[in-house]
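Quick notes on the structure that follows.
The values are calculated or read from the model by the stated rules, or taken from the named source; none is laboratory data. Owing to the predicted nature of the structure, the values given are computational and were not obtained by experimental measurement. Note: ideal-geometry Cβ built from the backbone for every residue, glycine included; neighbour counts use all protein chains shown.
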Amino acid sequence: MKLGKQPLNGDKSMVNGAVTFGWFVLHRYLPLKEADWRDETAKVKKHLIQADLVDEFGDVRLENFDKFTLQTHLNKLAKTRSRDRVLQIRAYIKAIFAEAVDQDFLPKDPARTLKTPANLRETDKTVLSWEQLAAALARLGLRDRILLKLDMTNALRPSELFAFRWKCHRVEAVSLTIVETVYKGKIRSYGKTKGSLTEVPIAKDLSDDLVAWREVSQEQYDKKKKKHGPPPSDEEAFLFPNRDGSFMDPSNYRKRVLHKLATELGLPKLTFQVIRRTIATLAQKKGTVKDVQGMMRHSHVATTTDVYAGDAGGRSRHCGLHSPGAAGHDEEAGGEGQDATASHSRICGGGALMDRNFERKSAEAWRFREEMETTDMAWLHGNLKFAAICCQTFGRGSAKLLK
């Protein structure tokens, strides 16, 4: 029996009138899906499908698949692949065979009841301590110290961090504006989420550090006999350029700087992902869940709480900054989070109330910093609290901050 709509060009992927898995994926599945994927996303998805499915089953006829074959393959992948990858492959298998049925290549879907393997490898959830973050900063030179301070206190993604140009640094507003991102050697005019391209408030002394770094890097540039890329005095120059004057590659930086630092300090792991997860976890004690979501610039609060934020010393994820009227509020009753959210809505309404609240709360943050700013650890504490206060006062992505 011939199944489905057969190609008329004598394709060798046709075996006795039936279509192979590899042919169907390449000619019927991917062409339908690629229109919905960004170029970089498409490359990743295609690689996973090729490596974990097509390489294994490319020459197998669609009609020869059954639930047992697919389930045992998925169980096998679960022993060597990460949890997220196994879940992705399961989703691809189900989508591919559902499409085969929908296009009349198969009368029945063999993947319809495919189960997720029970013993998946645990997803890495490494979280560092304040002391470990401070120790990392203490070992770095000026450029890397400023770069990681930006990352540690603003939870920037590496694709955002390495795309900053000097035009993004607004000295008067004490902020950095994310206008583009880098990925796999290319500049992109968009970010990971809709809220990724926004203005990010930074601490005043960190802004001053950037000004100092610009002067130092300009001096270094002037001394070079062979110059590459625009000088730091040029607004289009990158904050942290590579030797050619272009943007640094995040993967290379991770290997050359972060991995080396982790080894020297005996840290369990040090990557940009670990830093973001650490900040999301430690920031729970500096503000509400909505504050942390704003600082992380996640589209959904569940991403913040379920994927990034770990256990912050056993305290509730809603613990942190209180409005003046919330002192003594019963956290266990669950009302503190509601009160903070209501206060957040009132403050973000604008006008004099927003200005008064920001003036009071920013003063509170800076007092906290000035009282303890004798070590890198205290600096991190103060600036993370400052970032949380900013998010609580102005909401996500506000450009009115610190003007």
Practice prompt. Hey, can you tell me all the residues within the range 244-267 that are over 17 Å from L142 (Cβ atoms), in a loop (DSSP other than H, G, I, E, B) and not acidic (D, E)?
Written response: G245, S246, G266, L267
Worksheet item: Are any of the residues in the range 214-227 assigned to a strand (DSSP E or B), assigned by TED's automatic domain parsing to the domain that holds R165 and buried (at least 19 other Cβ atoms within 10 Å of the Cβ)?
Response: no
Fill in: Identity of the residue in the range 230-272, without any contact (Cβ under 8 Å) to a residue 60 or more places away in the chain and within 16 Å of the chain's Cα centre (by Cα), that ends up surrounded by the fewest Cβ atoms within 10 Å (Cβ to Cβ)
S251
